[in-house]
Amino acid sequence: MFYGSIVPEILGKSEPQTARITVAFELSEFLRDIGTVGEQDIVFSAWVVEQDIQLVTLIHHKKFARPTELSSQLQAEFEQFVKSNPDQKIPTLEISKFLGNEYAKLPIAKHTDYMHSAIYSQLVTKKFDGVLYPSVRMAGEGINVAIKPETIDEKLKFLGASECTIYKNGKEVFVGNNTQTTISGNEIEFLPIEKEYLVTKDFGRKQVGLE
């Protein structure tokens, strides 16, 4: 499965303006730990959807303290569906609750903690392109997707990638750009980023009080 984060077309007050922060929180324990100090390298990539993709949404979970407007809208549509199908209310809510808990499970101690959500994603992708679900790492404020590889090849286009550095001093965080990619056929090469977008180590450290 291809895992990523999106910026919803519905840009409400709670929607993230960039998917990078969600991706970083999902991947980096260094970033999530309030007390850490130092630097960590990370690579971000950007993709564009060229054809519509069909995703199954999983948004039913009570622990999302900061849901996006997209999540709230999907939740409202789900509740309306339940009201319109009273004979299916109990099994629908129980299944949704179980799956919501699996995708929102914390803490994640080992890979097998993802077993149920991974199996569900495999079943779903026999008919759909993947799954859309809120980021529990972001208390629901970010939106994640899990998409099958065939869909990535057929319906998404790689735009580029950038090597970056996370500068962190406790709660102070700054992300700097280091490189950008050039694409030639199937070859990708990382080159120094244009000067106007480059963040030097000294500048990045200064932003969080490390120097």
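Structure above, values below:
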quantity: Subset of region 7-29 that is of a type in the set (A, V, I, L, M, F, W, C) and at pLDDT below 85 - its residue that is nearest to Cys164 (Cα to Cα); calculated: Ala19
quantity: Those residues of region 139-152 which are buried (at least 22 other Cβ atoms within 10 Å of the Cβ) and under 10 Å from the mean Cα position of the chain (by Cα), in sequence order; calculated: Gly142, Ile143, Asn144, Ala146
quantity: Failed item in (1) modelled with pLDDT of 95 or more; (2) basic (Lys, Arg); (3) exposed (fewer than 13 other Cβ atoms within 10 Å of the Cβ), with Lys127 passing the rest; calculated: (1)
quantity: Any hit, region 83-97, residues being at pLDDT 75 or above, closer than 22 Å to Leu27 by Cβ and more than 16 Å from the chain's Cα centre (by Cα); calculated: no
quantity: Only listed residue being at pLDDT 80 or above and within 28 Å of Arg20 (Cα to Cα), chosen from Ala146, Ala109, Ala118, Ala104; calculated: Ala146
quantity: Residues located in region 23-38, provided they are surrounded by fewer than 16 Cβ atoms within 10 Å (Cβ to Cβ) and touching a residue at least 24 places away in the same chain (Cβ under 8 Å); calculated: Phe30, Arg32, Ile34, Gly35, Val37, Gly38
quantity: Some residue of region 47-64 being surrounded by fewer than 16 Cβ atoms within 10 Å (Cβ to Cβ) and modelled with pLDDT under 85; calculated: yes
quantity: Enumerated strands (runs of 3 or more DSSP E) restricted to region 153-211, each holding at least 1 residues that are at pLDDT 90 or above and either among the basic types (Lys, Arg) or open to solvent by 90 Å² or more (accessible area, probe 1.4 Å) (or both); calculated: 156-169, 172-177, 187-192
quantity: Residues being in contact (Cβ under 8 Å) with a residue 60 or more places away in the chain and open to solvent by less than 40 Å² (accessible area, probe 1.4 Å) - total across region 70-97; calculated: 2
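The values are calculated or read from the model by the stated rules, or taken from the named source; none is laboratory data. Note that the structure is predicted; figures quoted are calculated from it, not measured. Quick reminder, even Gly has a Cβ in these numbers, built from the backbone with ideal geometry, and neighbours come from all protein chains shown. Note: areas computed on protein heavy atoms with side chains; ligands, DNA, RNA excluded. Shrake-Rupley method; radii C 1.70, N 1.55, O 1.52, S 1.80 Å.
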